[in-house]
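The values are calculated or read from the model by the stated rules, or taken from the named source; none is laboratory data. Keep in mind that what you see is a predicted model, and the values were worked out from it rather than measured. All Cβ positions, glycine included, derive from the backbone under ideal geometry; neighbour counts span all protein chains shown. Only protein heavy atoms, including side chains, enter the accessible area calculation; ligands, DNA and RNA are left aside. Shrake-Rupley method; radii C 1.70, N 1.55, O 1.52, S 1.80 Å.
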Amino acid sequence: PTRARRSRPRQALGMMPTDLPEDPAAPGRRAAVDKAVRVLAGREHTRQELTRKLARLGVQSTLAQEVVDGLANQSLQSDERFTEAFVRSRINRGYGAVWIRRALEERGVTAELIQTHLAQSPSFWVLRAREARTRKFGEALPADQKAWAREARFLAQRGFPSDTIRRVLSNRLD
C-alpha cells in the first residue's frame, strides 16, 4: 500500500503566496510563486536549485529569478538554512568534507558559506571517518594490503582526504 506524501501547508511557512507583492506586468507571477512555495514545502533548496526547478516547471527564467529573490527577501528561501541542514545530514550519513564541499558547490552555495559550515577540527573529521569505516567494515583494522586499499578507497569515495584516511587506518587520532 502506498501512502500519499504529506507536505507542510503553505500556511506553515508563515506566508501565503498572495502575501508577496503582485506585479500586474508579470503574467503568471502568482502561479510561479505558488509553485516555488510548494517546492520549498518539501525541503530547503538553494537559490540555484529553486530557480532551476521553477524553469523545469515552465516558469520563465527572469520571472523565476524574481520569484526566488522575493522569497529570499521574505526569508522563505535561505541558502544558509539549506547549507546547515545539508551539512548536518551528510555528516550523519558518513560523508567527509571533500564530498560535502563538492555537493554544495554543485548546488550553487558560496565558498564562504561552505567554509563556515565545514570548519571543524581535523580530529572531528578523523572521528567521522572512523565511524563510517566501522559501520562498513567493523572494529578490526585491515589485516593486509588488499583490505587496507579497499577501506581506503571506500573512505576516499566518501570524501575524506588522504591524511585523514591514513590516520583512521593506522588507528591514530592526532
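Can you figure out the FRET efficiency of Arg88 with Ala55, using R₀ = 35 Å and their beta-carbon distance, to the nearest 0.05?
Rounded to the nearest 0.05, the efficiency is 0.80.
How high is the relative contact order of the stretch 97-174, in percent, with contacts defined as C-alpha pairs under 8 Å that are six or more residues apart?
41 percent
About its Cα centre, what dipole magnitude does the stretch 22-173 give when the only charges are +1 on Lys and Arg Cβ and -1 on Asp and Glu Cβ, stated in debye to the nearest 20?
Once rounded to the nearest 20, the dipole reads 880 debye.
At what distance in angstrom do the alpha carbon centres of the stretch 87-108 and the stretch 27-45 lie from each other?
Using only Cα atoms, the two centres lie 25 Å from each other.
Along the stretch 153-164, what does the Karplus equation 6.51 cos²θ - 1.76 cosθ + 1.60 (θ = phi - 60°) give for ³J(HN,Hα), rounded to whole Hz, x for Gly and Pro?
Values, residue by residue: 4, 4, 5, 5, 5, 7, x, 9, x, 4, 5, 5 Hz.
Given q = 0.12 Å⁻¹, what are the Debye log10 I(q)/I(0) values for the stretch 79-146, with equal point scatterers placed on the Cα positions and solvent ignored?
So the normalised log intensities are -0.37.
Expressed as a whole percentage, what fraction of the accessible surface of the stretch 52-129 belongs to carbon and sulfur atoms when a 1.4 Å probe is rolled over the protein heavy atoms?
Carbon and sulfur: 47 percent of the exposed surface of the stretch 52-129.
Over all distinct alpha-carbon pairs, what is the Kirkwood Rh of the stretch 33-174 in angstrom?
Result for the stretch 33-174, one decimal place: 16.9 Å.
With every protein chain left in place, what is the accessible area of Asp144 in Å² (1.4 Å probe, nearest 10)?
Probe radius 1.4 Å; accessible area of Asp144 about 80 Å².
Put Lys146, Lys35 in order of accessible area, largest first, 1.4 Å probe: what do you get? Intermediate values should be presented prior to the final figure.
Working: Lys146 155, Lys35 60 Å².
Output order, biggest surface exposure first: Lys146, Lys35.
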